[in-house]
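Engineer: Let me give you the structure first, and then I'll get to my questions.
The values are calculated or read from the model by the stated rules, or taken from the named source; none is laboratory data. What you see is a predicted model, and the numbers here were worked out from it, not measured in a lab. Note: ideal-geometry Cβ built from the backbone for every residue, glycine included; neighbour counts use all protein chains shown.
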């Protein structure tokens with residue numbers, strides 16, 4: 001909204017006012033300082049706005065602006081006509097208000113530092129290891145990269161190798177974890193921050209899984225592995241600090257996600273893959289000997305709970321469960337026994353064949369598809385522009401069954417688990433292309 | 001003699017314990033902080049420096065909207081109908097309270113996160129008196 005408003009003000013010299021729910025407008029100062037640079041004028045409605053009946057919208061328009069407490073329409077007229085304040089006329093990089101951070105914190109007692117780390121919300125509120133110079137230096141021995149090298153950027157905010165080492169120490173990592181952590185931190189800006197309950201998934205592939213002692217077998221998704229736990233947690237700390245995500249000051253998910261504590265950090269059980277089923281990283285074009293971490297964004301996962309049945313086998317259950325997903329992407333995490341069944345009893349010779357089958361067979365009513373606000377927000381503009389398949393989806397009657405997973409490549413399969421039960425998770429995580437860990441060694 | 005040996009042993013153990021405590025406070029202050037509560041330690045700062053973005057001023061405002069065209073631009077957050085009637089209510093308000101204002105309601109084809117260059121061009125070419133853009137939330 002602010003980018004659009006800025007463009008209109010700049011290009012056309014036309015006064016513009018942003019009108020939004022108070023939940024969005026409360027972040028306008030952050031946007032001004034670090035992103036937009038133009039002091040866009042706003043008015044704020046009560047929240048929620050989207051999806052409310054017209055009678056409520058009428059009451060909002062006839063009510064007061066929550067920022068100025070003036071009648072809403074008067075506030076809008078004022079925003080478009082009142083002369084600019086000195087603050088609104090400012091140009092250039094402001095001298096005041098920048099936030100340079102010293103490399104070292106002021107020396108203090110351990111108790112006080114622990115309190116400071118919590119007060120500044122640099123932790124997940126679980127205990128951390130304080131990043132002393134000695135510990136950070138030890139962590140840096142895990143890579144050949146220099147401490148000042150930039151790993152990830154978000155606007156003007158940068159994670160350097162040294163910052164990543166700080167987060168690694170805080171999370172309890174060992175130096176041998178550090179290349180994987182650097183690869184993970186290179187996508188720290190993707191840590192879920194949304195009004196929705198966005199979260200991440202981290203999948204590690206290649207020989208490094210064994211070298212680090214990652215768990216890919218029994219209880220792979222549970223709290224039973226130091227490496228899985230610490231690697232996932234490091235992403236949480238890095239993502240929070242990178243995004244300056246603090247409660248009521250940058251973090252704005254209404255429910256949040258418990259998955260953000262560990263980011264579903266797992267390793268694929270490559271040794272247990274059925275013949276012909278390639279590791280996730282190999283599917284992406286990497287060599288089996290490459291060490292790769294793949295990070296995805298999603299919201300939810302659903303467990304099969306019980307074991308596979310012969311009359312309604314796992315791939316049909318995947319199909320049924322995937323009707324509950326938004327329909328943009330999916331990642332299925334299955335025990336090796338399920339993968340074996342699918343290959344030997346049901347003929348899926350590769351992961352890709354399974355993805356293709358699901359793409360063709362998952363159907364959902366158009367009304368249900370558009371009832372998902374993420375789909376509606378993301379894809380309606382494309383439908384209005386005539387882009388397929390969204391244009392066709394938008395024309396379908398609410399009862400018409402559509403196939404939302406048009407891209408089989410967006411349905412990923414990860415084999416993990418210990419062969420104890422033929423169970424699986426269907427998730428809506430969309431995995432990005434993996435990152436080569438070896439380049440961070 | 002036996003007493004002397006015992007006393008010497010006691011002294012030796014005492015000195016050793018003190019030495020261990022002192023040495024560990026020096027070499028590994030964090031782990032032994034419980035033995036020296038007021039010891040000050042230095043740690044690296046996890047926070048990331050933020051540089052302020054270059055400020056750009058707002059465009060100067062005219063005194064009034066009377067007789068001008070106002071665009072109400074719906075970014076379709078939540079879908080094309082989710083907030084649209086807010087703009088219809090605004091249009092209705094203008095027609096009742098400021099009838100000289102010409103109101104144009106548009107949906108941005110770029111949606112919530114996107115852009116709509118064609119619409120921006122239209123707004124510029126019409127020399128609109130103002131734009132209300134929304135609505136998130």
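Engineer: Taking the condition surrounded by 18 or more Cβ atoms within 10 Å (Cβ to Cβ), closer than 22 Å to residue A:320 by Cβ and in contact with a strand residue (DSSP E or B) (Cβ under 7 Å, 6 or more places away or on another chain), does residue A:401 pass?
Structural biologist: Judged against the criteria, residue A:401 is not a match.
Engineer: Whether any residue in the stretch A:260-269 is within 14 Å of chain B (Cβ to nearest Cβ), buried (at least 24 other Cβ atoms within 10 Å of the Cβ) and not in a loop (DSSP other than H, G, I, E, B) is what I want to check.
Structural biologist: No, the stretch A:260-269 contains no residue that is within 14 Å of chain B (Cβ to nearest Cβ), buried (at least 24 other Cβ atoms within 10 Å of the Cβ) and not in a loop (DSSP other than H, G, I, E, B).
Engineer: Filter the stretch A:23-35 for residues that are more than 7 Å from chain B (Cβ to nearest Cβ) and either at pLDDT 85 or above or within 27 Å of residue A:52 (Cβ to Cβ) (or both) and give the result. Write out each step before concluding.
Structural biologist: Going through the stretch A:23-35, the residues more than 7 Å from chain B (Cβ to nearest Cβ) turn out to be A:25-32.
A:25, A:26, A:27, A:28, A:29, A:30, A:31 - these are the residues of the stretch A:23-35 that are more than 7 Å from chain B (Cβ to nearest Cβ) and either at pLDDT 85 or above or within 27 Å of residue A:52 (Cβ to Cβ) (or both).
Engineer: Take the residues in the stretch B:101-125 that are more than 22 Å from residue B:79 (Cα to Cα) and in contact with a helix residue (DSSP H, G or I) (Cβ under 9 Å, 6 or more places away or on another chain), then tell me which one is nearest to the other protein chains (Cβ to nearest Cβ).
Structural biologist: Only one residue tops the list, namely B:124.
Engineer: If you go through the stretch B:72-91 one residue at a time, do you hit one that is more than 25 Å from residue A:55 (Cβ to Cβ), at pLDDT 85 or above and in a loop (DSSP other than H, G, I, E, B)?
Structural biologist: Looking for residues that are more than 25 Å from residue A:55 (Cβ to Cβ), at pLDDT 85 or above and in a loop (DSSP other than H, G, I, E, B), one finds none in the stretch B:72-91, hence no.
Engineer: Given the options B:44, B:65, B:40, name the one that is buried (at least 19 other Cβ atoms within 10 Å of the Cβ), farther than 30 Å from residue A:383 by Cα and without any contact (Cβ under 8 Å) to a residue 40 or more places away in the chain.
Structural biologist: Every option except B:44 fails the conditions.
Engineer: Here is a check on your reading of the model: is residue A:91 loosely packed, with under 13 Cβ neighbours inside 10 Å, at pLDDT below 95 and touching a strand residue (DSSP E or B) at 6+ places or on another chain (Cβ under 6 Å)?
Structural biologist: yes
Engineer: Which helices (runs of 4 or more DSSP H) does the stretch A:300-384 wholly contain that include 1 or more residues that are outside the structural domain of residue A:424 (by TED's automatic domain parsing) and surrounded by 22 or more Cβ atoms within 10 Å (Cβ to Cβ)?
Structural biologist: Passing ranges, in order: A:366-371, A:373-384.
Engineer: Confirm whether residue A:69 is part of a loop (DSSP other than H, G, I, E, B), more than 7 Å from every other protein chain (Cβ to nearest Cβ) and free of Cβ contacts under 8 Å to residues at least 24 places away in the same chain.
Structural biologist: Considered against the rule, which asks whether it is part of a loop (DSSP other than H, G, I, E, B), more than 7 Å from every other protein chain (Cβ to nearest Cβ) and free of Cβ contacts under 8 Å to residues at least 24 places away in the same chain, residue A:69 comes out as yes.
Engineer: Continuing with this model, one more query. Determine if the stretch A:202-213 includes at least one residue that is within 20 Å of residue B:50 (Cα to Cα), touching a strand residue (DSSP E or B) at 6+ places or on another chain (Cβ under 9 Å) and crowded, with 22+ Cβ neighbours inside 10 Å.
Structural biologist: no
Engineer: Another question about this same structure. Look at residue A:289 and say whether it is crowded, with 22+ Cβ neighbours inside 10 Å and not in a helix (DSSP H, G or I).
Structural biologist: So residue A:289 fails the test.
Engineer: Do you know which of the residues in the stretch A:42-62 that are in contact with a helix residue (DSSP H, G or I) (Cβ under 6 Å, 6 or more places away or on another chain) and within 7 Å of another protein chain (Cβ to nearest Cβ) is surrounded by the most Cβ atoms within 10 Å (Cβ to Cβ)?
Structural biologist: Selected residue: A:45.
Engineer: Can you tell me which of (1) under 27 Å from residue A:376 (Cα atoms); (2) at the interface with chain B (Cβ under 7 Å from one of its Cβ atoms); (3) in contact with a strand residue (DSSP E or B) (Cβ under 6 Å, 6 or more places away or on another chain) is the one residue A:15 doesn't meet?
Structural biologist: Against the list (1) under 27 Å from residue A:376 (Cα atoms); (2) at the interface with chain B (Cβ under 7 Å from one of its Cβ atoms); (3) in contact with a strand residue (DSSP E or B) (Cβ under 6 Å, 6 or more places away or on another chain), residue A:15 comes up short only on (1).
Engineer: Does residue A:278 count as in a loop (DSSP other than H, G, I, E, B) and more than 17 Å from residue A:428 (Cβ to Cβ)?
Structural biologist: yes
Engineer: Here is a check on your reading of the model: is residue B:60 within 7 Å of chain A (Cβ to nearest Cβ) and either outside any helix (DSSP H, G or I) or touching a strand residue (DSSP E or B) at 6+ places or on another chain (Cβ under 8 Å) (or both)?
Structural biologist: Numbers: within 7 Å of chain A (Cβ to nearest Cβ): yes; either outside any helix (DSSP H, G or I) or touching a strand residue (DSSP E or B) at 6+ places or on another chain (Cβ under 8 Å) (or both): yes.
Yes; evaluated as a whole, the condition is true for this residue.
Engineer: If you scan the stretch B:37-57, which residues turn out to be touching a strand residue (DSSP E or B) at 6+ places or on another chain (Cβ under 7 Å) and either assigned to a loop (DSSP other than H, G, I, E, B) or modelled with pLDDT of 95 or more (or both)?
Structural biologist: Within the stretch B:37-57, B:40, B:41, B:42, B:43, B:44, B:45, B:48, B:49, B:54 qualify.
Engineer: A further question on this structure: Can you report the number of residues in the stretch A:97-119 which are assigned to a loop (DSSP other than H, G, I, E, B), touching a strand residue (DSSP E or B) at 6+ places or on another chain (Cβ under 9 Å) and modelled with pLDDT of 95 or more?
Structural biologist: Filtering the stretch A:97-119 for residues assigned to a loop (DSSP other than H, G, I, E, B) gives A:97-98, A:100-103, A:105-107, A:109.
Remaining after also requiring touching a strand residue (DSSP E or B) at 6+ places or on another chain (Cβ under 9 Å): A:98, A:100-101, A:103, A:105, A:107, A:109.
From what is left, the residues that are modelled with pLDDT of 95 or more are A:103, A:105, A:107, A:109.
Of the residues in that region, 4 qualify.
Engineer: Out of all the residues in the stretch A:237-252, which are within 14 Å of chain B (Cβ to nearest Cβ) and out of contact with any helix residue (DSSP H, G or I) (no Cβ under 6 Å at 6 or more places or on another chain)?
Structural biologist: A:240, A:241, A:243, A:244, A:245, A:246, A:249, A:250, A:252
Engineer: While we're on this one: What's the total number of residues in the stretch A:373-389 that are touching a residue at least 60 places away in the same chain (Cβ under 8 Å) and within 9 Å of chain B (Cβ to nearest Cβ)?
Structural biologist: Within the stretch A:373-389, the first condition is being touching a residue at least 60 places away in the same chain (Cβ under 8 Å), and the residues that meet it are A:373-374.
Now drop any that are not within 9 Å of chain B (Cβ to nearest Cβ), which leaves A:373.
Of the residues in that region, 1 qualify.
Engineer: If a residue counts only when it is within 20 Å of the chain's Cα centre (by Cα), which helices (runs of 4 or more DSSP H) contained entirely in the stretch A:133-192 have at least 2 such residues?
Structural biologist: By residue number, A:161-171, A:178-185.
Engineer: Quick one: which of A:86, A:78, A:124 is surrounded by fewer than 16 Cβ atoms within 10 Å (Cβ to Cβ) and more than 7 Å from every other protein chain (Cβ to nearest Cβ)?
Structural biologist: A:86
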